[in-house]
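The values are calculated or read from the model by the stated rules, or taken from the named source; none is laboratory data. Just so we're clear, the structure is a prediction, and the values are computed from it rather than from any experiment. As a convention, Cβ positions derive from the backbone with ideal geometry for all residues, glycine included, and neighbour counts pool all protein chains shown.
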Amino acid sequence: MRLALLLLAVFTVNAALAQAQLAATLAGRSSLLLETPLKGEPIQGFSSIVLAPDGSYWAMADTGHGAARRRADVSVVFHHIDIDWIQGIAKLLSEEPLRDPDRKLPFRLVNEQSRERLLTAADLNVDAMQVVGYSVWLADDFGPYLVESTLHGKVLAAYAAPYDANRVRRGFGGLAALASRRLLYAAFEGALWDAAESRWERLPEGREFVRILEFDLRARKWTGRELRYPLDANGHSIADLRMIDTATALVLERGPGFRRIYRVALADNVLRKLAFVDLAAVEMATAEGMEVVDPGYVALSNGDRREFVLLRARPLLPGL
C-alpha cells in the first residue's frame, strides 16, 4: 500500500497565533463497485460520509453537478455502504431515495403531484448529513434547510436557516452532531453577504468567516448560538465539519489548490485554529465529506468519484 506522508511544519496565520502542521499517513483507499445493469440511481461521488454503530457507513450521493434546473431527473439518495479498507472495495448494502409524501417541505417539488413525491437534485442540494438515533439529518444548500428524515428516506420535517435569503448566497456545507448534548452544528459553505459593505462578511482583521449555527435536537429549533470560523483566505469554503468533543472540532476547508483538515478550539465564538493536516499530498480529486473513525483515523469521501480515503491522523484527535 502506498503511503502519503505529510511532513511536519509550522506556519503563522497572524502575528499572535502559530499553528502546527501535523503528519498523517494514507491508511486505506476504497472504491465502490456498482453492479451492471444498474438497479438504482447512478452514483458519481459522495458529498458526506457517516460512521454507523456497526462499523458500516452512511454516505450521501453528491448531486451538486451542473445547474439546478438541469438536475430535475436526478434523485436525492443516501446509501448504506460497507467499506473494506484492506481489500480496497466498498459494497452498496442499500439505497434510500428521499421522499416527502406527507408534504413536510414548504415549497413545490418537481414531483409535486406524484404519490411518493420523490425529491430531485432540483429540489434539494444536500451537501452534508448526520445520523442521530433513528433520524437522518440533511444539510441543504438551496434553502438552506436542515431536513430530518427516517432511515428509509421519508421526510419528517424541515427547518429553514434563520437568515434572509439575500444574505445567504451559499447554503449549508457541513453538518456535525454532538450527540451527548443532543445538538447539531450546521456550517454555511461560505461567508454570508454583507449588503451594507457590498462584500462577504469579514472579521475585524479583514478575513472572511463562516457562520456555524447550533440546533437543539430536543426542542427541534435553532438555539440562536453561533460560532464563527475564520477562513484561511477569502473565497475559501467549508466542505464538512465534525465535533470531536465539547471543546474541539475538525473542519475540512478548501479553496483553489487548497485542501486542509483543521483542528479548532470551541472556547470562543470565533474559533481558534490549533493544527492542520494538508491533504495536497493525498491523491484525491475532491474531498467533500469527512468522518472521525476511532481510534485516530479520519475517513474522507470523494465528491467526483465513488472513492473513499482513510487517513491515520492521531494528532488531530484529543486524547489519542
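Conditions: (1) surrounded by fewer than 17 Cβ atoms within 10 Å (Cβ to Cβ); (2) assigned to a loop (DSSP other than H, G, I, E, B). ASP123 meets all but one. Number of the miss?
With (1) surrounded by fewer than 17 Cβ atoms within 10 Å (Cβ to Cβ); (2) assigned to a loop (DSSP other than H, G, I, E, B) applied to ASP123, the lone miss is (1).
Determine if region 50-57 includes at least one residue that is polar (S, T, N, Q), part of a loop (DSSP other than H, G, I, E, B) and at pLDDT 90 or above.
yes
Can you tell me which condition ARG71 does not meet? The list is (1) more than 21 Å from ARG306 (Cα to Cα); (2) basic (Lys, Arg); (3) surrounded by 15 or more Cβ atoms within 10 Å (Cβ to Cβ), and all the others hold.
It fails just one condition, (1).
So which residues in region 97-115 are assigned to a loop (DSSP other than H, G, I, E, B) and basic (Lys, Arg), if there are any at all?
Within region 97-115, ARG103, LYS104, ARG108, ARG115 qualify.
So for region 93-109 (the condition being farther than 15 Å from LYS154 by Cα and surrounded by 18 or more Cβ atoms within 10 Å (Cβ to Cβ)), does at least one residue qualify?
no
Which of the residues belonging to region 144-161 are in a loop (DSSP other than H, G, I, E, B), in contact with a strand residue (DSSP E or B) (Cβ under 6 Å, 6 or more places away or on another chain) and crowded, with 17+ Cβ neighbours inside 10 Å?
PRO144, GLY153
Determine which single condition GLY255 fails, assuming it passes every other condition in (1) over 19 Å from GLY289 (Cβ atoms); (2) in contact with a His (Cβ under 7 Å, 6 or more places away or on another chain).
(1)
So, of the residues in region 276-292 that are charged (D, E, K, R) and assigned to a strand (DSSP E or B), which turns out to be surrounded by the fewest Cβ atoms within 10 Å (Cβ to Cβ)? Let's see the steps before the verdict.
Just the residues of region 276-292 that are charged (D, E, K, R), to begin with: 278, 283, 288, 291.
Next, from what is left, pick out any that are assigned to a strand (DSSP E or B): 278, 288, 291.
Details: ASP278: 18, GLU288: 27, GLU291: 21.
That would be ASP278.
For region 233-275: of the residues being surrounded by fewer than 18 Cβ atoms within 10 Å (Cβ to Cβ) and of a type in the set (Asp, Glu), which is nearest to ARG199 (Cα to Cα)?
By that ranking, first place goes to ASP268.
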